[in-house]
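Since the structure comes first, as structure tokens, the remarks are kept for the end.
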Amino acid sequence: MMRRPRATTAKVSNYKENETMDSERSFSEAVSSDEDMEEWRPPEPKTSSKRARGPAAGVKKPAATRTAKPKVPKEPKVHKASGVPKPRATRKPAAEGKPPVSRNPKNAAVPGTATTKRKISECDFEENKRMRMTESEEVKAHKDDTNIRLKEERVSFIVSEANQTDNWAGEGSSQAGLQVKKEEAEEEDFRFDEPCLKEQSAALPGPKALSLMNDLGMLWDLKELLSTMTGVNKWVCVNIVTLLHEENTIPFIVRYRKEMINHLDADAVRDVQMVYDELCSVAKKTQSVIRTLKKDGVLTPELENSLRSCRSADELDHVNAPYKKGSKLSKARRAKALGLEDAATALMNTPHNLDLRAWVKPGTEGLSSVEDVSTGVVHILADMIAKDSDTLTYIKTLWDRSCVTIQSSVSKSALNKKEQGKSDQGCKKPGDEQNKNKDLDKFHLYFDFTCNIKRIQSHQTLAINRGESLKILTVKVNIPDRVRSDFTLWCINNRWRPKTFAKEELRAIISNAVEDSYKRLIVPFLTRSCRTKLTSAAEKESIAMFVRNLRQRLLVCPVRGCVIMGVDPGYRHGCKLAILSPTSQILHTDVVYLHNSGQQHREAEKLRHLMIQYSCSKVVIGNGTACRETEAFFSDLISRRFFHPLDVSYIITNEAGASIYSVSPEAVKEMPDLDPNLRSAVSIGRRVQDPLAELVKIDPKHIGIGTYQHDVSAGALKAALDGVVQECVSFVGVDINICSETLMRHVAGLNAGRAQSITEWREKNGAFINREQLKLVKGMGPKSFQQCAGFIRINPLTLNSARATSQSAPAVPDKPVAKKGKGKVGVSIPNSLNPLDQTCIHPESYNVAQRFLSLVGGSVDQIGNACLRQCVENKVKASCVDELARAVDTTPETLQLIIDGLTQPPGFDIRQNFGQADFKRGIVSMSDLQVGAVLTGRVDNTTLFGSFVDIGVGRAGLIHKSNITLDKLPVSQRRRSLALGPGERVEVRVLNVDLQRGRIGLDLIRVLQ
């Protein structure tokens, strides 16, 4: 519903960063053969199958031909007038060759067209439009077996500029993709009246898309490199980049622009965005380096080409290292400064005429003897070898074919500190000594660790990096000796062989240069590249794990319709209580001391009085200090029916981040009169009532999900987690009349300023009656409205309650319209309720929704009713969605979204399909567990090496990833790289129990639906 299966996973994209495809393929095969994690990688044919179904769906879209028809006839007249003699001879092969491309969606039809467009001249471009006209006629004649959707995508790359303006006129966005903000301020056109099909068929004009893809100034093709590194089709990469340049948000793209991204999910789009940002960063850094080198006067055409060919920051640093200011002058540059570059060139081209004694200058450092001259020539040749592209390609090939391993061992400094700690044990505090020993013990698995770089797991890479940063581990990369010998022979006998006869002493210089280049320059470069690549892949996998865990944590089904007591357990300072109404309003707060032996009976009576007074039967206990004791106290009272006639049950929830939030400015603003400890109890209770609304108030990295969060890039992690929060909030939707400002700022298209303006408008003018009134809010331009409108709901029930509480009905103010008169002249804001505003249907598709309702014989007043649902289902059964989409002049994807919006019940929440919190009444201790016992539990956290499951004994058990196999998973979960996520209910078998270390080993039996 919210996500579609994607073509590849983050796992695949991690290892497609280099241009050498054989190495990535061998890497993936090695991992899949050695580790079980690869079993969950989605097969790539999934995308192809979707594209293959495209022709059946796309055949019935006449709008594409209607879009091209008015424009094409004008061009052939120009050609006829100019007297071009053979238009047919050129056109015929193209016309014959294109239909097979449409029938076989696996072929890269769109990128091919884009490439052709770059190569043709202006005259050929006009003739190409004539060819498109003939092709459109052929498509109309054979529309029963031709894929119109792919035709539209292909045309979108070569459409004329005149067509661009016409098709984008109905959009709220500007025509200049990189100047959206300026256009939004100048011309605020809120119209969304164009049919979706027309928007998408011309959504990416050819010149505009090509300028976006080629404005980086690099020698590599951006769309090809993006496709290689992410595993996404080239035309999809172009579309995503263009949509992002136009300031479209990922939730908006994924929900309302599905055809343009080939139905990718949010994670896949985010992967493309991250890789594109990395490449842009490399391009920007490259331009800066070129300017610096040009200013210093050391830039040569060859060096500039080498810089512009770099595909990663590591490659760029390697090429630029000898020219960095402030660094030690390289040996090659010192030798070149002495004038030995000509001698090195002569050694390779004309060694028979080279006499090194002619370069000797007694008294000059570096030229005083033949040996010094030979050494300088060796350094220059070594530098040339290390920077030669053919040489680097060959050594990388040898590297990929060899068994390169990474090895870690305990460092000498760590051993010395350990020995010193033992000798000085009496002088130091016991706590300090225990902490240091504990840090050492954490890495005992890596004290003597060796693994092939093609088989090492992401969590192992991050653990080794952490141990190395703490100076506990020493890490090195081991390269087989065969690589050095093969490389030396190849260089001497092939690439760096002199062109003419060379004397023995000159051949020795070349041999020494090859050896020096390999040992001093190439091996460190390969080692750095290997470590960087492993770290980058591990960070991406760890971030992807955070993303999956956070999404499932946020989308847990809320517990509504009951009063809840939140308990923040504690010993000395007591247990903090907060009783919350079904709408999360604070009814009562208190502190009880459950763990003082003399007061337990009195505190229990207080609990019973409060729970009966507020009819509270659900208790939420935080999993912090004194959690187990508090759980035992409530379990004992429940077993004695102490709260009769109430049927009380409790649940333990993760309280990570509650204490941080309780002292935050937002908590102070929301609950100014409460003690911070009581705010924690309120937050704990609300996490079960509405997890999404409460958890968005906390920094995602403090929610307690994933592993190694401090070892990955802080910026990349924050961007990914913020994106997931925005995605979840947007897809769930917010009721604009009751949601908090904190929740509102995470809606796609909104930010803190716009959320505050919406809140102020709501307080001043009353509840919003329809989505159109959002246009009157300060700072809400056409682009912002387009991005957020589909995710904002106007619920009639909450609107009526807001009207009841506020006697003054909200009238549409005239002042805002006058204030924003530039773009809103003639724009009428209705003052009536629109039933479509409570659905996920975007305002730009309201006209299509009205046509569809007329087609099925319904009305907007019947939205959510069983009668309308039955009418829609009957109509879809009678004629498929594709035929209905053609009838209402839209795409099948847009129509399917409209059907969902019309048939979903009022107040529909996508989270109702996710797992809900499990309340219990009894307690089981870890000592009660028996090996082989079958239990049910809920996944608490997922890591790179397995999943932790809460089985109700106070300690989460671990299902190692080797025990998570395909046959134990539902079909819908077999395509994820790690199949289990937080909140999923599972049935497990106890494998082992270690009471001393507090560890429980579990085996997965099945996932409970």
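For the reader, a short list of remarks on this structure follows.
- For the range 235-323, the per residue solvent-accessible surface stands at 35 Å², with DNA, RNA and ligands left out and a 1.4 Å probe.
- Restricting the calculation to Cα atoms, every distinct pair contributes to the Kirkwood radius of the range 689-752, found to be 12.6 Å.
- When you filter the GluC sites (Glu not before Pro) in the range 328-382 for DSSP loop state and at most 14 other Cβ atoms inside 10 Å of their Cβ, you are left with GLU365.
- Per-q log10 I(q)/I(0), the range 561-660, q = 0.16 Å⁻¹ (Debye; single scatterer per alpha-carbon; no solvent): -0.63
- Where Rh is the Kirkwood radius over Cα pairs, Rg/Rh for the range 201-325: 1.06
- Cα Rg, Dmax, the range 451-567, angstrom units: 25.7, 94
- Around VAL477: net Lys/Arg minus Asp/Glu count, Cβ-Cβ under 13 Å: +4
- As a fraction of the 1.4 Å probe accessible area of the range 560-787, surface on carbon and sulfur atoms comes out at 50 percent.
- Distance from the range 616-677 to the range 233-304 (C-alpha centre basis), Å: 47
- In this structure, the amide hydrogen of GLY733, modeled 1.01 Å from its nitrogen in the peptide plane, lies closer than 5 angstrom to no residue at least 5 positions away or on a different chain.
- Residues THR375, THR943, THR589, sorted by accessible area with the largest first, give THR375, THR589, THR943 [1.4 Å probe; ligands and nucleic acids excluded].
- Structural descriptor for the range 572-683: relative contact order 27 percent, calculated from alpha carbon pairs under 8 angstrom and at least 6 residues apart.
- Pairwise Cα distances in the range 933-1007 exceed 18 Å in 29 percent of cases.
- Size-normalised alpha-carbon gyration radius of the range 841-903, reference 2.2 N^0.38 Å: 0.97
- Rule-of-thumb Rg ratio for the range 560-787 [Cα; 2.2 N^0.38 Å; N residues]: 1.15
- √(5λ) per eigenvalue of the Cα gyration tensor, the range 494-642, largest first, Å: 73, 18, 10
- Calculated diffusion of the range 733-776, Stokes-Einstein form, Kirkwood radius summed over Cα pairs, 4 °C and 1.567 mPa s, µm²/s: 124
- Restricting the calculation to Cα atoms, the range 256-350 yields a radius of gyration followed by a Dmax of 19.9, 66 Å.
- Listed pairs LYS285/LYS476; LYS412/LYS471; LYS284/LYS454 exceeding 20 Å between Cα atoms: LYS285/LYS476; LYS284/LYS454
- Hull volume in cubic angstrom per residue (convex hull over the Cα atoms of the range 617-715): 127
- Other residues whose C-beta falls under 10 angstrom from the C-beta of GLY574 contribute a net charge of -1, scoring Lys and Arg +1 and Asp and Glu -1.
- Cross-linked pairs LYS418/LYS701; LYS540/LYS618; LYS576/LYS701: Cα-Cα separations exceed 28 Å for LYS418/LYS701; LYS540/LYS618.
The values are calculated or read from the model by the stated rules, or taken from the named source; none is laboratory data. The model shown is predicted, which means the values in this text are computed figures rather than measured ones. Note: ideal-geometry Cβ built from the backbone for every residue, glycine included; neighbour counts use all protein chains shown. For the accessible areas, the whole protein counts, side chains as well, though only heavy atoms, and no ligand, DNA or RNA atoms are used. Shrake-Rupley method; radii C 1.70, N 1.55, O 1.52, S 1.80 Å.
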